[in-house]
Amino acid sequence: MPSTMETSSEEAKLELFLQWLKVNGVELRGCDIKYCGSDKGFGVFSSDVAPDGILLVVPLDLAITPMRVLQDPLLGPECRAMLDEGGVDDRLLIMLFLIVERLRKNSHWKPYIDMLPDTFGNPLWFSEDDLLELKGTTLRRATEMQKKNLKSLFEGKVKKLVEKLLAHDGNSGSFGSEVRFEDFLWANSIFWARALNIPFPRSYVFPRVSEEQDSTSSIRPDAPSEHVSVEKLVNIESGKNLQVNDSASQVSTVTSNLEGENLWVEGLVPGIDFCNHDFKAAATWEVDGTGSTTGIPFSMYLLSVGKNNSQVENEISISYGNKGNEELLYLYGFVIKDNPDDYLMIHYPLEAISNVPFSEAKGQLLEVQKCELRCLLPRSLLNNGFFPESSSGEANSKGMDGRGCNYSWSGHRKIPSYASKLVFPEDFLSALRTIAMRENELYEVSSFLEEVVASREDKQPSEMDVRAAIWEACGDSGALQILVDLLNMKMLELEEGSSTEESDTELLKVDGIRNIPKTKESGSVDSLSMSTNRWSSIVYRRGQKQLTRRFLKEAEHALELALSEGN
């Protein structure tokens with residue numbers, strides 16, 4: 001539980017923020033924002049029953065978007081110059097704005113900035129000890145690479161740009177100490193954890209051009225629309241000709257994109273961005289272009305869903321999408337036990353291809369097939385496999401048709417009995433078949449392709465011709481053997497980094513006491529207490545081991561069947 005002093009401090013911030021929201025036209029019609037403790041921060045909770053289901057309305061003028069940054073009276077001109085010079089993009093504009101407004105003592109955005117977290121649970125904020133918990137995982141490697149890239153970007157560009165923007169404040173002493181890398185890391189985490197892809201009505205972005213046209217009254221976040229960068233918007237707004245590869249046709253294409261109902265723009269929406277995630281979301285957000293729904297034109301509103309979501313004191317959650325724990329931890333800093341959207345990343349090392357026999361010829365075949373040497377294996381695929389978790393999954397009806405090779409030139413290769421049970425993506429299997437080819441099979445593929453090309457006017461075999469020829473010549477056993485090896489290697493890396501799945505399960509038995517240090521009578525801290533970062537890492541890595549074990553079982557069984565059927 002948060003301490004009394006901590007709660008008092010957060011309540012004071014909240015009170016100022018609620019006043020700021022009201023001054024800026026935000027209406028909390030059926031909800032309150034409350035402090036949930038240091039683990040979750042602030043959340044949105046139902047307060048009064050809203051007959052129309054509208055819980056919160058935020059004018060789009062309050063959204064922090066690239067266009068909003070460019071309209072800022074203090075920072076806008078300099079940011080436009082940076083944009084013209086090609087030094088920044090949409091996302092970096094928002095991050096620069098966040099850093100500057102956080103460092104300025106007299107910022108208009110201070111009540112909102114003060115409500116935002118100072119640190120995060122994503123791996124970019126992990127200590128060295130915390131990162132050890134991710135050893136052997138894809139996320140550990142991705143985190144190290146991303147942090148290195150962010151540091152390089154900060155030293156090479158961001159620090160100078162922020163200092164340049166702060167210099168335009170014209171009020172000496174209005175900001176504190178030297179700009180630090182942690183300031184950029186904070187802004188980067190705020191953006192990725194809280195930004196929404198907002199469908200702005202076209203008439204809001206270009207009011208003079210659209211004043212004779214009707215705007216859509218209610219725009220759902222999944223409504224069809226075009227994503228146009230702020231650079232293109234600025235150029236069109238100012239009447240400039242877009243120079244996109246010096247192509248007039250491309251310029252007209254961009255202009256035509258702006259004639260639709262709405263435009264996707266990434267940004268932060270104060271108020272709505274305090275909704276936490278849940279699979280069973282209690283609310284969704286929509287955009288009201290004319291004000292016919294909310295009474296406030298050009299606004300975003302929070303709409304309750306379901307029958308029981310108007311009950312007082314219930315937390316109002318939204319869905320961040322169907323994301324696995326790897327993505328949830330990387331972007332938002334939390335995980336979900338037994339996440340149904342978990343996935344496993346498997347890849348064949350690109351550098352290893354040069355060491356396989358006939359690498360040049362195989363490389364050409366891979367290029368023709370547009371093969372991917374990596375694939376995502378969602379947990380849901382297992383429902384269609386040999387060993388499903390339950391019988392609720394839909395059967396895979398594609399079978400060999402998904403391969404585009406349900407025929408045989410030679411007649412000796414039949415559709416396998418297990419085809420409908422293979423859970424692995426055909427694109428990836430086709431790449432592995434190509435890599436696994438032996439010399440005689442390579443010549444057989446060449447013969448097949450010469451035959452099919454000779455039978456028609458086409459001079460080059462198609463992608464599907466190549467895939468079909470490789471499958472007929474090679475079958476599945478070679479590809480499945482490589483897949484088994486890759487999965488075994490994946491498991492070895494995971495277990496070398498953090499022991500076994502069973503060991504992780506034992507560690508998670510202290511789930512209930514994570515983040516709550518238990519002090520013994522002697523005054524020492526109980527060794528069973530666990531930090532949130534460590535708990536999240538264990539949940540994530542155990543999920544990776546579970547998926548690796550289950551997909552390995554699928555691959556081994558498929559290999560056994562392929563060998564028995566001569567495939």
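The values are calculated or read from the model by the stated rules, or taken from the named source; none is laboratory data. Quantities reported herein were computed from a predicted structural model and do not represent experimental measurements. Positions of Cβ are generated from backbone atoms using ideal geometry, with glycine treated the same way; all protein chains shown enter the neighbour counts. Areas reflect the complete protein model, heavy atoms only, side chains present, ligands, DNA and RNA absent. Shrake-Rupley method; radii C 1.70, N 1.55, O 1.52, S 1.80 Å.
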| query | Within region 74-92, is there a residue that is touching a residue at least 40 places away in the same chain (Cβ under 8 Å), within 14 Å of Phe274 (Cβ to Cβ) and not charged (D, E, K, R)? | reply | no
| field | Residue under evaluation Lys40, criteria (1) in contact with a Leu (Cβ under 9 Å, 6 or more places away or on another chain); (2) of a type in the set (Lys, Arg); (3) open to solvent by 60 Å² or more (accessible area, probe 1.4 Å), criterion not met | value | (1)
| field | Identity of the residue in region 461-501, more than 31 Å from the chain's Cα centre (by Cα) and in a loop (DSSP other than H, G, I, E, B), that ends up farthest from Met345 (Cα to Cα) | value | Pro461
| note | Only unsatisfied item for Thr434, checking (1) open to solvent by less than 30 Å² (accessible area, probe 1.4 Å); (2) modelled with pLDDT of 80 or more; (3) more than 12 Å from Trp471 (Cα to Cα); (4) not acidic (Asp, Glu), is (3)
| query | Got at least one residue in region 12-32 being open to solvent by 30 Å² or more (accessible area, probe 1.4 Å), in a loop (DSSP other than H, G, I, E, B) and modelled with pLDDT under 85? | reply | no
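Residues are listed down the side, and each one gets a yes or a no for (1) open to solvent by less than 10 Å² (accessible area, probe 1.4 Å); (2) at pLDDT 95 or above; (3) not basic (Lys, Arg):
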residue: Asp72; (1), (2), (3): no, no, yes
residue: Glu85; (1), (2), (3): no, no, yes
residue: Lys105; (1), (2), (3): no, no, no
residue: Ile113; (1), (2), (3): no, yes, yes
residue: Thr143; (1), (2), (3): yes, yes, yes
residue: Lys147; (1), (2), (3): no, yes, no
residue: Ser152; (1), (2), (3): no, yes, yes
| note | Filtering region 478-529 for residues that are at pLDDT below 85, among the polar types (S, T, N, Q) and under 29 Å from Lys40 (Cβ atoms) leaves a count of 5
| query | How do the pairs read when you match residues in region 109-120 that are within 21 Å of Gly333 (Cα to Cα) with residues anywhere that are of a type in the set (Val, Ile, Thr), using Cβ under 9 Å and keeping only pairs 6 or more apart or on different chains? | reply | Tyr112/Ile64; Met115/Ile33; Leu116/Ile190; Pro117/Ile190; Phe120/Ile190
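Residues are listed down the side, and each one gets a yes or a no for (1) in contact with a helix residue (DSSP H, G or I) (Cβ under 7 Å, 6 or more places away or on another chain); (2) surrounded by fewer than 20 Cβ atoms within 10 Å (Cβ to Cβ):
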position: Ile415; (1), (2): yes, yes
position: Ser420; (1), (2): yes, yes
position: Asn440; (1), (2): no, yes
position: Val445; (1), (2): yes, no
position: Glu450; (1), (2): no, yes
position: Ala468; (1), (2): no, no
position: Ala473; (1), (2): yes, no
position: Leu480; (1), (2): yes, no
position: Leu487; (1), (2): yes, no
| request: Go through region 71-99 residue by residue and tally those that are more than 26 Å from the chain's Cα centre (by Cα) and among the aliphatic types (A, V, I, L, M). | output: 4
| request: Hey, can you tell me all the residues within region 169-202 that are open to solvent by less than 20 Å² (accessible area, probe 1.4 Å) and modelled with pLDDT under 95? | output: Ser174, Val179, Ile198, Pro199, Phe200, Pro201
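Answer with yes or no whether Ile64 is aliphatic (A, V, I, L, M), under 24 Å from Ser317 (Cβ atoms), touching a helix residue (DSSP H, G or I) at 6+ places or on another chain (Cβ under 9 Å) and open to solvent by less than 20 Å² (accessible area, probe 1.4 Å).
yes
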| message | Being open to solvent by 10 Å² or more (accessible area, probe 1.4 Å) and closer than 10 Å to Met491 by Cβ is the filter here; which residues of region 548-559 pass it? | response | Arg549, Leu552
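Can you go through Glu367, Glu360, Glu327, Glu372 and tell me which one is touching a Phe, Trp or Tyr at 6+ places or on another chain (Cβ under 8 Å) and not aliphatic (A, V, I, L, M)?
Working: Glu367 fails: touching a Phe, Trp or Tyr at 6+ places or on another chain (Cβ under 8 Å); Glu360 fails: touching a Phe, Trp or Tyr at 6+ places or on another chain (Cβ under 8 Å); Glu327 fails: touching a Phe, Trp or Tyr at 6+ places or on another chain (Cβ under 8 Å).
Going through Glu367, Glu360, Glu327, Glu372 in turn, just one is touching a Phe, Trp or Tyr at 6+ places or on another chain (Cβ under 8 Å) and not aliphatic (A, V, I, L, M): Glu372.
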| task | Please work out which residue is nearest to Gly271 (Cα to Cα), limiting yourself to region 33-70 and to residues that are modelled with pLDDT under 90 and hydrophobic (A, V, I, L, M, F, W, C). | result | Cys36
